[in-house]
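I have placed the structure first, in the form of structure tokens, so that the comments after it can refer back to it.
Coordinate-derived values only; no laboratory data. Remember, predicted model here, so these are calculated numbers, not experimental data. No Cβ is skipped: glycine too gets one built from the backbone with ideal geometry, and neighbour counts run over all protein chains shown.
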Amino acid sequence: MKLNDIIEFLNKKIPQNLALDGDNVGLMGDYDLTLDINKIKILMDLYPEDDVFDENTLIVTHHPPLFSPKSPTFTIHSNWDIIEGGANDALADSLNLKVIENFDKTTNIGRICKSNITFKELENLILTEFDYFNVVNKPDDDMMINDIGIISGFGLKNPEYIKLAKEYGLDMLISGDLTQETSILAINLELTLIDLGHHNSEVPGLYYLKDIIDDLNIDCEVINRIPMESKRK
């Protein structure tokens, strides 16, 4: 299939115009749109040492590369976080949570979810699905968890999101990128935070993206390269 046809397909399924202002999405270079593509590789991040695919392989990344890839590369970032059925909904599904509404009503980033499980049950589920888990304000094991905010990726580094979760009356906020500042803020607000790590909280979305791309009937693979800092429990 021609590169141009694949790009048109992806833009129809996940429009670039949904991305936040200033976000770097779409093609990451000036590639020949008439190239025949017979393989697609999906990665969270592309490193220079991984840029070794031939011109007939399309790389789809979630995070924009920090260099100019030689291989044809296409990035789907905040538009994938925002769109229904994207990264945030994939994270909710991985935790068996029922999505009720968007978390950030301005950008549509994140989701507010419902559950009916104890904290211990949620903890056990997280430990079977993810390799990273950190808690601020750990509740009692038998506490019922009903209202949960989730944000794939970066949510726990944003103090405004911590405050918003408290305003919503949520039992906890699940995301990545926990900082000292937001930890202290959550303690002061008596809000539970669960940090899955930025990378891990976005991994379910890679496989949902593969499900979409599989409709093209092209050999497609998710390459989940885990950063060293996320290899801890």
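Points worth noting:
- The smallest convex shape that holds all Cα atoms of segment 3-82, its convex hull, gives 84 Å³ per residue.
- With the simple model of a label 7 Å out from the Cα in the direction of the Cβ, LEU27 to MET143 spans 5.1 nm.
- Residues whose amide H falls under 5 Å from that of ILE59, counting only those 5 or more places apart or on a different chain, are LYS41, THR73, PHE74, with hydrogens built in the peptide plane.
- Converting phi to 3J(HN,Hα) with the Karplus coefficients 6.51, -1.76 and 1.60 and the offset θ = phi - 60°, segment 32-37 yields 6, 6, 8, 4, 7, 9 Hz in sequence order, with x at every glycine or proline.
- The distance between label points at MET1 and ASP50 comes to 2.1 nm (points 7 Å beyond Cα on the Cα→Cβ vector).
- Among ILE174, ILE37, ILE117: highest mean-square fluctuation, GNM of the chain, C-alpha pairs under 10 Å: ILE117
- Restricting attention to segment 1-139, lysine pairs at least eight places apart or on different chains and with alpha-carbon atoms under 21 angstrom apart total 16.
- The GluC sites (Glu not before Pro) of segment 131-233 that meet both conditions, a loop assignment by DSSP and at most 11 other Cβ atoms within 10 Å of the site Cβ, are GLU190.
- Cα-projected label distance for LYS39 with ASP215, points at 7 Å along beta-carbon direction, nm: 2.5 nm
- Scanning the chain for DSSP H helices at least 20 Å long along the axis (C-alpha atoms) with a Kyte-Doolittle mean no lower than -1.0 picks out 198-213.
- Inter-centroid distance (Cα atoms) of segment 1-42 relative to segment 101-172, Å: 32 Å
- Histogram of C-alpha separations across segment 87-198, 10 Å bin width, %: 15, 55, 29, 1
- Shape analysis of the chain based on the Cα gyration tensor places the equivalent ellipsoid semi-axes at 34, 17, 16 Å, largest first.
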